[in-house]
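What follows is calculated from the coordinates using simple rules that are stated; it is not laboratory data. Computed from a prediction, not measured in an experiment: that's the story for all the values here. As a convention, Cβ positions derive from the backbone with ideal geometry for all residues, glycine included, and neighbour counts pool all protein chains shown.
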Amino acid sequence: MDRHNAGWRSLMNSPLSGAGLALLLIMAFNLFFTPGFFDIRIQDNQLRGSLIDILVRGAPLMLMALGMTLVIATGGVDLSVGPVAAITGAVAAALIGGQLNVTQMPLSLVLLIALLIAILCGIWNGVLVAYIGIQPIVATLILMVAGRGIAQLITQGQILTIYYPPYHFLGAGYWFLPFSMYLVIAIFILISLFVRRTALGLFIEAIGVSASASYYSGINEKNIKLLVYGLCGLCAGIAGILISANIRSADANNAGLWYELDAILAVVIGGTALSGGRFSLVGSLLGALIIQSLTTTIYRFGVPPEVTLVVKAGVVFTVSLLQAPGFRKLKLGRSVAPKGVAQ
Amino acid sequence: MSERDVLLRMKSISKTFPGVKALSNVDFTLERGEVHALMGENGAGKSTLIKVLTGVERPEAGVIELEGRPIFPKDPHHAQSLGISAVYQEINLCLNLSVAENIFIGREPLKFGRIDWKTIHQRAQQLLERLDIRLDVQQSLGSFSVAIQQMVAIARALDISAKVLILDEPTSCLDANEVERLFQVMRRLKSEGLGIIFISHFLDQVYAIADRITVLRNSEQVGCYSAATLPRLELVSKMLGKELEDLEGLARVKQAGTSRVSKSTLLEVKNLGRIGKLQPFDLEVNAGEVVGLAGLLGSGRTETAQLLFGVEQPDSGSIKLDGKEIQPLSPAKALKKKIGLCPENRRSDGVVPELTVRENILLALQAGRGWFRRLNRKQQMEITNGYIRALNISTPDGEQLVKNLSGGNQQKVILARWLATDPRLLILDEPTKGIDIGAKTEIQKLILALARDGKAIVFISSEIDEVIRCSQRVMVLRDRQKVTELRGDQINKTWIMQSIAERVSDGPA
């Protein structure tokens, strides 16, 4: 009984508990109120259904949230991920060209150039933050504002339609499961290995908690920040490719619009504090899934769009509340008090 | 103890942190108009007792009574409203705000719904004059010395109508004159009927000001004594729970070390300086030698350390290691050159509080290896456990967060961080500041042992005794300038004091 209780307590104390609970609640809601939500069928050897839909639509956000997690863990933030996604999509579309079924340039080269530009955007942010010393929120605001303009310059103010099917496959293709799912999983594993199998994760957390102590310990914090912002740019770029491939066009104005806010939200819901320090990549994935499940649920449920944002805000508020230290103390404090009586 | 004048009574206070018993059944009483010293080693429970009293932590058991009525401080603000104010060892003020703003922050007097700056400035001036300090209260606090900042913190605490004033290591940054001034203020407050809880590691100061002494050891209360009837040696042995043979042993070790100093010069500094920070100076440090840096606060000791470690860039001079120029220097490069620094400000530049003991110890070693060559889990555990044992760091295990450790143990963690990098030159800036005698002795012994192993040590300390005990050579600084270098028989209290003070007498005092 006692051990059971301790296990439960440590579960409740884990930063992931709030996010996991919220996701369970959303799913439970759907189980009762949204008919057919959990239906999964195999159609043309492809898995289809609302759950799969959440994964496909949520993929760009999950990727952005992964990059954002590392940036936030260093005590920074990247407001430019949405526009960077738009720039990347625009570059890819422009390089492929508007002809039917052919591309001007081999697809691998297109992706390489587009993603290099995304990394460059991230490095620009990193230089402003780490080497020039501008506050992250201001430094990345520059590219957030300018980014959409740059994307429009590339698309020359048009929505560039992409007629090259292999590119579509990246966003909407299937190998039994949606291709974007494999991509998210692969990148999640790569980043996890990258930060946890090296000392990068330790340095990121140390910088996030105390930049000064890290500096005195001989950590080259500027280069680490540069790396992290570059990585965040890369994630945003891959997300941008997925978005443009999914809608088969590059829309400079709307691709990835407000994604930066959802990405930050996903990270925070996932238990990584905005002040920096300890981070959880799994948590951020969960956070992104919560946001996407919520959106999909609301659409499926037929809630009028104007209410959507309110419902979203309500759920986010609840999750944040569950994680807030003040609220936790209150909640746990009460569960401790009647111990002698209850057992 | 008679009941007549009891101001504050804490009864059977107990508090446990994850894996650590911090207080066990501790009693404490404070009378009106007394200075009551709270003594004990690091981790003995002093800080926790104060935190319980100021509402930062809640005790699991026990009662607190103020003027006979039970109180339950919820947080520091609540404690203040009850009349309990604290001034901490490391000052919690906003350096970017003005002196007056710092005194009145959070309780600004209003006039027509707007902040009444005129009153704020006037009253701030008056409050400081009460402490014999005259300065421009509209200047930012950061532009004043730590001593002044301390006084401002006290002025703030006093103005919040304190009945109980807690001074936690208030003198660790003050020079002798400033300490005397603080004591005058304390005596005046005492005569006004305030109860003052005084925490300090300086025995002289405790005996100079305290009426009674309560000793804590291993989270328990050893006893409460009148200062007049408790001999020093007995106090020390009560704090440590053992006799102090260790200290005498040190002198012999050092004697043995002196004869063994090799003549190979490791570090050669020529004409190194930075305008406004430190006048150009020369210094040589040999392998296996401890060079002490003595001088008053603000004399340029920390600046010397920062120039040698590359935290600050010099605008003149050269630093040679093994005869090779190593400038421009940065902490990262210094680390590669096998130079280490334990910084003076442990809290902001030393520990990474949210990380574990293991992570904190490995930080510099890992930074030297680069992020790609991570130490595997087994190596990490071996190194961590090795240093926890070797330095006697009291923590349940390496996975404890460093912020849960006491000050002295945090200091040992930072020492371990640098020892793990196997440095050739180790610069220690006030490594014993704010820690108890037992840990101090341990660190001094460690310094001598490291020198015996052939490492070069630059040792900075405000405590002259400590510098004398450990150093084979002493560089004395005054007013951001190297004034002399003492060696051999010259290393004694009189010589050092004279070198420090030489020109003070004909200066503006």
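The value given for the stretch A:46-325 is a Kirkwood hydrodynamic radius of 18.9 Å, derived from the mean inverse Cα-Cα separation.
Close amide H contacts of B:Arg217 (hydrogens built in the peptide plane, cut-off under 5 Å, sequence separation of 5 or more or a different chain): B:Val222.
Of the cross-linked pairs B:Lys337/B:Lys440; B:Lys21/B:Lys378; B:Lys412/B:Lys440, those separated by over 19 Å at the C-alpha level are B:Lys337/B:Lys440; B:Lys21/B:Lys378. In whole percents, the pair-distance distribution calculated for the protein assembly as shown from its alpha-carbon pairs, binned every 20 Å from zero, is 13, 38, 33, 14, 1. Rounded to the nearest 20 debye, the dipole magnitude of the stretch A:46-325 is 280 debye, with +1 charges on Lys and Arg beta carbons, -1 on Asp and Glu beta carbons, and the Cα centre as origin. So how tilted is helix A:136-155 from the main axis of chain A? Cα-based, degrees 0 to 90, rounded to 10. That works out to roughly 30 degrees.
What longest range of chain B stays clear of loop-exposed trypsin sites (Lys or Arg not before Pro) (DSSP non-H/G/I/E/B, at most 13 other C-beta within 10 angstrom)?
Working: sites that count: B:Arg4, B:Lys74, B:Arg107, B:Arg134, B:Lys242, B:Lys263, B:Arg373, B:Arg503.
Here the longest run is B:374-502.
In this structure the amide hydrogen of B:Trp371, modeled in the peptide plane, comes within under 5 Å of no amide hydrogen from residues 5 or more places off or on another chain.
Taking a straight Cα-Cα cut-off under 12 Å and skipping sequence neighbours fewer than 8 places away in the same chain, the aspartates and glutamates within cross-link reach of A:Lys225 are A:Asp78, A:Glu205. Taken over the stretch B:359-509, the convex hull of the Cα atoms encloses 145 Å³ per residue. Beta bridges assigned by DSSP with both partners in chain B are antiparallel in approximately 55 percent of cases.
Each Lys and Arg Cβ is given +1 and each Asp and Glu Cβ -1; about its Cα centre, chain B then shows a dipole of about 1220 debye. Residue-wise HN-Hα couplings along the stretch B:213-229, as the Karplus relation 6.51 cos²θ - 1.76 cosθ + 1.60 with θ = phi - 60° gives them from phi, are 10, 10, 10, 10, 8, 6, 6, 10, 7, 7, x, 10, 10, 7, 4, 5, 10 Hz; Gly and Pro carry x. In plain terms, chain B is cut at each of the chymotrypsin sites (Phe, Trp or Tyr not before Pro) found in a DSSP loop with at most 16 other Cβ atoms within 10 Å, and the longest leftover piece is B:203-371. Pairwise Cα distances in the stretch A:90-164 exceed 20 Å in 43 percent of cases.
By counting other Cβ atoms within 10 Å of each Cβ, how are B:Leu450, B:Leu425 ranked from fewest to most?
Details: B:Leu450 19, B:Leu425 22.
Fewest-to-most Cβ neighbours within 10 Å comes out as B:Leu450, B:Leu425.
Computed over the stretch A:26-152, the alpha-carbon pair-distance distribution with 10 angstrom bins reads 11, 29, 26, 22, 11, 1, each value a whole percent. In chain B, helical runs assigned H by DSSP with n ≥ 4 each contribute -39500 (n - 2.57); averaged across all residues and rounded to the nearest 500, the mean residue ellipticity at 222 nm is -11000 deg cm²/dmol. Sorting B:His201, B:His121, B:His77 by the number of Cβ atoms found within 10 Å of their own Cβ, with the fewest placed first, yields B:His77, B:His121, B:His201.
A cut-off of 5 Å between modelled amide H atoms, ignoring neighbours fewer than 5 places along the same chain, links B:Leu266 with B:Val285, B:Asn286, B:Ala287.
For chain B, what is the relative contact order in percent, using Cα pairs closer than 8 Å and at least 6 residues apart in sequence?
Values: 972 pairs, mean separation 78.5, N = 509.
Answer for chain B is 15 percent.
Each Lys or Arg adds one and each Asp or Glu subtracts one; over the other residues with Cβ under 15 Å from the Cβ of B:Asp132, this totals +2. The C-alpha atoms of chain A define a longest principal axis, and helix A:259-269 lies at about 20 degrees to it. The three principal axes of the Cα atoms in the stretch B:1-146 give end-to-end lengths of 48, 36, 31 Å, sorted in falling order. Helix A:107-126 sits at what angle to the longest principal axis of chain A, using alpha carbons and giving 0 to 90 degrees rounded to 10? Result, in degrees: 50.
Kirkwood radius, the stretch B:104-176, all distinct C-alpha pairs, inverse of mean reciprocal distance: 13.5 Å. The loop-placed trypsin sites (Lys or Arg not before Pro) in the stretch A:182-247, going by DSSP, that have at most 14 neighbouring Cβ atoms within 10 Å of their Cβ come out as A:Arg197. Normalised by the number of residues in the stretch A:46-325, the average gap of Cα pairs under 8 Å and 6 or more apart makes the relative contact order 36 percent.
Phi-derived couplings, Karplus 6.51 cos²θ - 1.76 cosθ + 1.60 at θ = phi - 60°, listed residue by residue for the stretch A:217-233: 8, x, 7, 7, 5, 5, 5, 5, 5, 4, 4, 5, 5, x, 5, 5, x Hz, with x used for Gly and Pro.
Computed over the alpha carbons of chain B, Rg followed by Dmax gives 23.7, 75 Å.
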